[in-house]
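Everything below concerns the one structure shown next.
Rule-based calculations on the coordinates, nothing more; no lab input. Predicted, not measured: the structure shown is a model, and the values here were computed from it. Cβ atoms come from the backbone with ideal geometry, glycine included; neighbour counts cover every protein chain shown.
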Amino acid sequence: MARCDYLRDDPETGIQQDIVEQLGEYIETRDIVVLVDIEGVNILVEMLCHSKVIKDTSKKLAIISCANYPVKIGNHEYLTVSEMEMGKLLNIYRCYEPSDKLVLLTDSRNYGSTWNYVSNGIMSAEDVFESILA
């Protein structure tokens, strides 16, 4: 894959940026980076935004998803990416698992995730968010 495949236009500034460099910057500057790859991504991101556990934490989060939910709450940043960009970020995650600061929430059966506990009624969404912050 050519390096230029990772370039994207920042919706706020219009400046091209490298999505991989953005991920690296988040890993360096944030306590936790959450990649959200779930079918009902808009619902999950809304749950994250309104979660008491997430609102009350002193940790700085970056949440990256395909949801069109451009919200900034407290110390947390939300980055909306295209499905193609999310695919590239997931490939990087699956190949390298670059940091323990990087968390993947997915409903994919191929990759285990704590979100499967929510889907099966074993945990609540708040329990999952709390486990991410632990």
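Take the Cβ atoms of residue 84 and residue 39, set R0 to 25 Å, and the FRET efficiency comes out at 0.90. For the pair residue 18 and residue 47, label points projected 7 Å from Cα toward Cβ lie 3.5 nm apart.
Mind ordering 47-54, 119-126 by average Cβ neighbours within 10 Å, highest first?
Details: 47-54: 17.2, 119-126: 11.9.
The most tightly packed comes first, giving 47-54, 119-126.
How many nm separate the modelled label positions at residue 60 and residue 101, each set 7 Å beyond the Cα in the direction of the Cβ? In this crude spin-label approximation the distance works out to 0.8 nm.
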